[in-house]
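Accompanying notes for the structure given below.
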Amino acid sequence: MRITRANLSVAGAASFDKKEPALNRVHLAADGSTVASNGSMLLAVGPPDLVRVAAFPSVDHDEPAIPKDGIGVSLGTVADVRRNLPTDRRIALQQAAVTRCDHARVEILTTDGIKSRTVSSAPMRGTFPKWRRLLAEERRKATTARVCVNRRELISLLKAIDEACPDRGHFSPVFLEIGGRNDGLVLRAQNYETKQRAVGMIMPTTVRGDGWLDESAWERGVFGIAGPKVWRKGPVARRKTP
């Protein structure tokens, strides 16, 4: 099984709170997807295109299948694997091979084409949340509305997505699908090098009052919806897409 730098980037959405051991991990699913969550945001990156990662140097190691229920890999192990990835940014080297993956041990190998390194650790105990069901439920509710989310969590999630799906020049789209005030925000992106997809989710946060930020007098003027003088609508300058 191969995992890329994009797969390892989901760690940015994980929980570092030791009181939540089920979330202090990156979950490696049977299909090669990687997932992480802190309870209110979640990021999953699918397996890489096998054609794109076929050039990984031969390391003479078996690559066993992932157990059906997946494996939890500690955040420390993931950090070590990320550090072992070579500075050479060629796709062939920006990946790792899972050379052992069972309920006793997880071993992940990286190479620069000359020297190989292996990180080994026991898998995390406990059960990771039913992440596919959570994503499916929020996706069904994501239509058109507005939602308030935790800004720092949104920034963390976007940073993780940006690492998983680096831009091409200034072309770095992220697709937002929004449900109602009490529903999650679904984010989708693509890694154009490995053809991997990243799917994120962040749940709404609780704020005082009726749950929404009322417009100030200044905002009402900007939006042209109230005030002593209603602003006349005019053309909006649009930035050209490169």
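With each label point set 7 Å from Cα along the Cα-Cβ vector, what nm distance links A217 and E137? Between A217 and E137, the simple spin-label model gives 4.4 nm. Here's how it looks for D49: its modeled amide H is under 5 Å from those of Q196, which are all 5 or more places away or on a different chain. Classify segment 1-54: rounded, prolate or oblate, from the alpha-carbon gyration tensor (a ≥ b ≥ c, eigenvalue square roots; a/c under 1.5 rounded; otherwise prolate if a/b is larger than b/c)? It is prolate, given that a/c is not under 1.5 and a/b is the larger ratio. Using the Stokes-Einstein relation with a Kirkwood hydrodynamic radius computed over Cα pairs, the translational diffusion coefficient of segment 2-202 at 20 °C and a viscosity of 1.002 mPa s comes to 125 µm²/s. Between R117 and S172, what's the calculated FRET efficiency when r is the beta-carbon distance and R0 is 45 Å? Round to 0.05. Taking R0 as 45 Å, the efficiency between R117 and S172 is 0.90. In this structure the amide hydrogen of R100, modeled in the peptide plane, comes within under 5 Å of the amide hydrogens of E107, none closer than 5 places in sequence on its chain. So the label point goes 7 Å from the Cα of L50 along Cα→C-beta, right? Which residues of segment 69-91 then have their backbone N under 11 Å from it? Taking a point 7 Å out along Cα→Cβ of L50, no residue of segment 69-91 has its backbone N under 11 Å. Over 26 Å apart at the Cα level, from the set K130/K159; K19/K159; K68/K141, are K68/K141. Across segment 10-21, coupling constants 3J(HN,Hα) worked out from phi with the 6.51/-1.76/1.60 Karplus curve, θ = phi - 60°, read 5, 4, x, 9, 7, 8, 9, 7, 5, 7, 10, x Hz, and Gly and Pro carry x. Dipole check for segment 2-202: with +1 at the C-beta of Lys and Arg, -1 at the C-beta of Asp and Glu, and the Cα centre as origin, the magnitude is about 480 Debye.
Whole-Hz Karplus values for segment 31-45 come out as 8, x, 6, 10, 9, 8, 7, 10, x, 10, 9, 8, 9, 10, 10 Hz, taken residue by residue from phi with 6.51 cos²θ - 1.76 cosθ + 1.60 and θ = phi - 60°; glycine and proline positions read x.
All of the numbers you see were taken from the coordinates with simple rules; none came from a lab. None of these values were measured; they are calculated from a predicted model. A quick note on method: Cβ atoms are made from the backbone with ideal geometry, for glycine too, and the neighbour counts reach across all protein chains shown.
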